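What follows is a short report on a single structure.
The values are calculated or read from the model by the stated rules, or taken from the named source; none is laboratory data. It should be emphasised that the depicted structure is a prediction, and the values quoted were computed from it without experimental measurement. A quick note on method: Cβ atoms are made from the backbone with ideal geometry, for glycine too, and the neighbour counts reach across all protein chains shown.
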Amino acid sequence: MTRPLVLLHGLWDTPRLFRRLETELLRRSPSLELFAPHLPHRFGAVPIRTLAAQLAALIEERFGSATPLDLFGFSMGGVVGRTWLQEHHGTARTRRFICLGSPQNGTLTAQLVPRRLLAGIADMKIGSALLRDLQRDRALLEPLECHSLFTATDITVFPGWRAVLPLGSRRSLPVFTHRQLIVHPKAIEVLADVVLAA
């Protein structure tokens, strides 16, 4: 039985971002249930913990409290997903967690952003309180199958090679930019392989 896949978009994005990936996934696995909720970030003003709480409510509404699922997060969406997993008991129902270009260790591009104006972006600073808390409780992820995909030449999540979870597989994709991670045909092929692996 195929588990539903929850797709989490990043900052300044909408679920339309996943159109190419969804097309490829459904071409290979027509029965796969996809759920890509819209999480309004308000240009980065909404704290990541608030977005994770919104995600928890949306997952509960769509799937109830027990349906097993897989989770895919692009960019900031990967940190929102990880916060849901670790702080909303998401690990109990999740098998596979895939992060793509996700600032799990922070990004230098967020360092000078003032928290009072853009709390969600500030949560992605290297050494932010949120990321320290997630790192402290990283053992909660151990039961999951975790995958981190990135490009070393990313300048949105910078440095790109640090866009990885503290455990699980790590793979650099053959693209150059942050956006290409989710739209380039070479990336889409690899992502579909990872999502649909037995």
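Numbers at a glance
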| item | result |
| --- | --- |
| Any hit, region 98-112, residues being within 30 Å of SER29 (Cβ to Cβ), modelled with pLDDT of 95 or more and either assigned to a helix (DSSP H, G or I) or among the small types (Gly, Ala, Ser) (or both) | yes |
| Residue selected from region 160-172 under the condition at pLDDT 95 or above and hydrophobic (A, V, I, L, M, F, W, C), by the criterion surrounded by the fewest Cβ atoms within 10 Å (Cβ to Cβ) | LEU167 |
| Selection status of PHE43, touching a residue at least 60 places away in the same chain (Cβ under 8 Å), under 25 Å from ILE126 (Cβ atoms) and surrounded by fewer than 18 Cβ atoms within 10 Å (Cβ to Cβ) | yes |
| Filtered residues of region 107-121 (kept if under 30 Å from VAL195 (Cα atoms) and without any contact (Cβ under 8 Å) to a residue 40 or more places away in the chain) | ALA110 |
| Of all residues making up region 79-97, the number that are in a strand (DSSP E or B) and of a type in the set (Phe, Trp, Tyr) | 1 |
| Region 4-21, residues that are touching a residue at least 12 places away in the same chain (Cβ under 8 Å) and over 19 Å from SER102 (Cβ atoms) | PRO4 |
| Neighbours by Cβ (under 8 Å, 6+ apart or cross-chain): first from region 173-198, modelled with pLDDT under 95 and in a helix (DSSP H, G or I); second buried (at least 19 other Cβ atoms within 10 Å of the Cβ) and not polar (S, T, N, Q) | none |
| Unmet requirement for LEU140, which otherwise passes all of (1) assigned to a helix (DSSP H, G or I); (2) loosely packed, with under 13 Cβ neighbours inside 10 Å | (2) |
| Matching entry among ARG3, ARG19, ARG28, ARG62 (being charged (D, E, K, R) and either surrounded by 20 or more Cβ atoms within 10 Å (Cβ to Cβ) or touching a helix residue (DSSP H, G or I) at 6+ places or on another chain (Cβ under 8 Å) (or both)) | ARG28 |
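To keep it simple, each residue is scored yes or no on (1) over 14 Å from the mean Cα position of the chain (by Cα); (2) within 21 Å of HIS184 (Cβ to Cβ).
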| residue | (1), (2) |
| --- | --- |
| VAL6 | no, no |
| GLU24 | yes, yes |
| SER31 | yes, no |
| GLN86 | no, no |
